[in-house]
1. For residues that are open to solvent by 10 Å² or more (accessible area, probe 1.4 Å) and outside any loop (DSSP other than H, G, I, E, B), scanning just the range 177-192, find the one that is nearest to Ser243 (Cα to Cα).
2. Scan the range 149-166 and report the pairs whose first residue is over 15 Å from Ile83 (Cα atoms) and assigned by the TED database to the domain that holds Leu86 and whose second residue is in a loop (DSSP other than H, G, I, E, B) and open to solvent by 30 Å² or more (accessible area, probe 1.4 Å), with Cβ atoms within less than 8 Å and a gap of 6+ or a chain change.
3. From Arg336, Arg316, which residue is touching a strand residue (DSSP E or B) at 6+ places or on another chain (Cβ under 6 Å), in the same structural domain as Glu236 (by the TED database) and open to solvent by 60 Å² or more (accessible area, probe 1.4 Å)?
4. Within the range 298-313, is even one residue outside any helix (DSSP H, G or I), buried (at least 20 other Cβ atoms within 10 Å of the Cβ) and assigned by the TED database to the domain that holds Asp63?
5. Taking Gly544 as the residue in question, decide whether it is of a type outside the set (A, V, I, L, M, F, W, C) and out of contact with any His (no Cβ under 7 Å at 6 or more places or on another chain).
6. Of the residues in the range 348-395, how many are touching a Phe, Trp or Tyr at 6+ places or on another chain (Cβ under 7 Å) and open to solvent by 70 Å² or more (accessible area, probe 1.4 Å)?
7. Pairs under 6 Å by beta carbon, first residue in contact (Cβ under 8 Å) with a residue 12 or more places away in the chain in the range 480-495, partner surrounded by 12 or more Cβ atoms within 10 Å (Cβ to Cβ) and not aliphatic (A, V, I, L, M), six or more apart or different chains?
Amino acid sequence: RDTKRIAKEFEKGAGRRLHRELVELDEKNRHTSYISDPWFNMYLSAREPVVLNFNPFISLTPDPREAYNNQLVRATNLVISSIKFLKSLKHNYLRPDIYYGDPKWSESRLFKNFIRLLPTSVSWYGAYMVNAYPLDMSQYSRLFRSSRIPKLNKDELFTSECSRHLLVMRNGHFYVFDVLDSVDNILHPSEIVAHLIYIIQEADRLPEFALSYLTTEDRNIWATVRQQLLEAGNEENLKKIDSAIFCLCLDNIFPKDEDELSHCLLHGNGFNRWFDKSISLIITGDGCAGINFEHSWGDGVAVLRFVNEVYRNSTRHPALLPHSKSTETTVITCERLEFKLNDSIQSAIHVAHEKFDEKKKKMSMKRFLFRKFGKDYIVKQRMSPDAIFQLACQITFYRQFGKVVPSYEACSTAAFKHGRTETIRPTSMLTKQCSQAIVEGRGKHSVAELRNMIDECSKYHRRLQMEAALGNGFDRHLFALKHLAVSRGEPTPDFFLDTAYQKINHNVISTSTLQSPAVNLGGFGPVVSDGFGIGYHVSDTWLGCNATSYLDEELQEFLRCLEYSLNDIFDILEGRPL
């Protein structure tokens, strides 16, 4: 009742005024979205370390030909494919991201030629005529040559316009060499692999003080130490790191299973990462590949497009063959970056190292696979695959803890200019009722009744997805209203201080998904200390996820209960009583 009263007062008073001012502000800034600046501000003002808190990872599917999964071969092919992507982006050759209402147009040469002939100012309308909608690609400009720079209270994003060098990390050492010449030609594959061989041979031991641990620190602490690094004469080296096209991490580890690989890609050992780079391409000793990306500049949609293109190109048109040899006459122009570290900086590195090791030990991560059904089966049931997995998570939590909690699913709003994400709220009265019926009401409901409950949850989830994608979610709107009040120095309205609003933003179950044949798995850390981070994948024939938590026993039980929940759903859909 209290929350209802506060909400009504907000709707009639401060909320109405703030909304009017937000609309006016949006009208004055037609070049961008009303959520863009507040969202950047939220990310860049956060003072927690980026690793484990913000940076997600994506693991690439192995190359179908085993010989190409050699570390040097795969690294060289992925680097060259990445630079091809960069060049396509730079010269506007990259195919636009488009949502096709009718998928047949996606492969229509007639449609592509028709749109190509239209002036830029009206091409959108041409696409609209065939129910095709161009998506915002503004984030792509920060995929390369970009870094997050630590500053006191609020970080900054830096992007170089014309750098040609690659940053390579091996055993905590930094190397740079040009992969593009003065006229933008890519270095020959044999030359690239020769440089990588040189780096692996030269960086044969760890440094006494691994500078990269500083990127795992609290952002204000890191900002202070970075200033000390600049004052100690390291400005040029830091510029080379920040402006590098991207970071290639050649790890000297061989993960024994996918759980170990996930840990490697999410946080690694700390000393062989520069977590502030927009993207880091990681290659393990046995040729497993993945991406770790800093999250403030962009979202999964841009990174997934990059991953898809690079994986496709590197596997279909590899630049380096397994039996190829590096050219003995290659002139190695690789530079090892040496840093001047005074006692204060060395002490800061030591402290950062200890804190990082302690934090990563506390976080558990487990891979989960369910092979009884996948997307194909659920679609035949005329239900949403995404909704079924989300419902399974709701039933699981209720089975384990006997209650429902705030949950989060990210949804891209790239249909809007400078769109970022909106929140889908998987927890609803419908999922609660369904969870109670399956967990507590076994034997009290017919199979038909239970199936109808699942169907209603699926329909409602589809509706939430559509609302979020079309900009009709509520989370970002409320976030922008709060940000507007705070940025103008006004008292925070009671609505945002209410316990209900606080609780709904404490997302115990935080989820995200990226579907692609190029993606083997993905994941991120839990967003709250008592929660679960669920990076899930709905394949044609199976469902799976990477789950993280700081509660190890609870995480193991969660995944055990998740299997029960999916089995229950399967039995119901098959017409079998529980």
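The values are calculated or read from the model by the stated rules, or taken from the named source; none is laboratory data. Please read all numbers here as calculations on a predicted model, not as lab measurements. Using ideal geometry, Cβ is built from the backbone for each residue, glycine included, and neighbour counts are taken over all protein chains shown. For the accessible areas, the whole protein counts, side chains as well, though only heavy atoms, and no ligand, DNA or RNA atoms are used. Shrake-Rupley method; radii C 1.70, N 1.55, O 1.52, S 1.80 Å.
1. First, the residues of the range 177-192 that are open to solvent by 10 Å² or more (accessible area, probe 1.4 Å): 178, 181-191.
Now drop any that are not outside any loop (DSSP other than H, G, I, E, B), which leaves 178, 186, 189-191.
Values: Asp178: 12, Ile186: 18, Pro189: 22, Ser190: 24, Glu191: 22 Å.
Here the answer is Asp178.
2. Asn153/Arg47
3. Among Arg336, Arg316, only Arg336 is touching a strand residue (DSSP E or B) at 6+ places or on another chain (Cβ under 6 Å), in the same structural domain as Glu236 (by the TED database) and open to solvent by 60 Å² or more (accessible area, probe 1.4 Å).
4. The initial filter retains those residues of the range 298-313 that are outside any helix (DSSP H, G or I), namely 298-299.
Now narrow it down to the ones that are buried (at least 20 other Cβ atoms within 10 Å of the Cβ): 298-299.
Next, from what is left, pick out any that are assigned by the TED database to the domain that holds Asp63: 298-299.
Yes: one or more hits.
5. No, not satisfied.
6. Final tally of qualifying residues: 3.
7. Pairs found: Ala480/Tyr34; Ala480/Pro38; Lys482/Phe496; His483/Pro38; Pro493/Phe10; Phe495/Phe10.
So that you can scan it fast, the table gives a plain yes or no per residue for (1) open to solvent by 10 Å² or more (accessible area, probe 1.4 Å); (2) touching a Phe, Trp or Tyr at 6+ places or on another chain (Cβ under 8 Å); (3) in the same structural domain as Ala547 (by the TED database):
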position	(1), (2), (3)
Glu27	yes, no, no
Ser59	no, no, no
Leu72	yes, no, no
Ser82	no, yes, no
Asn113	yes, no, no
Ser123	yes, no, no
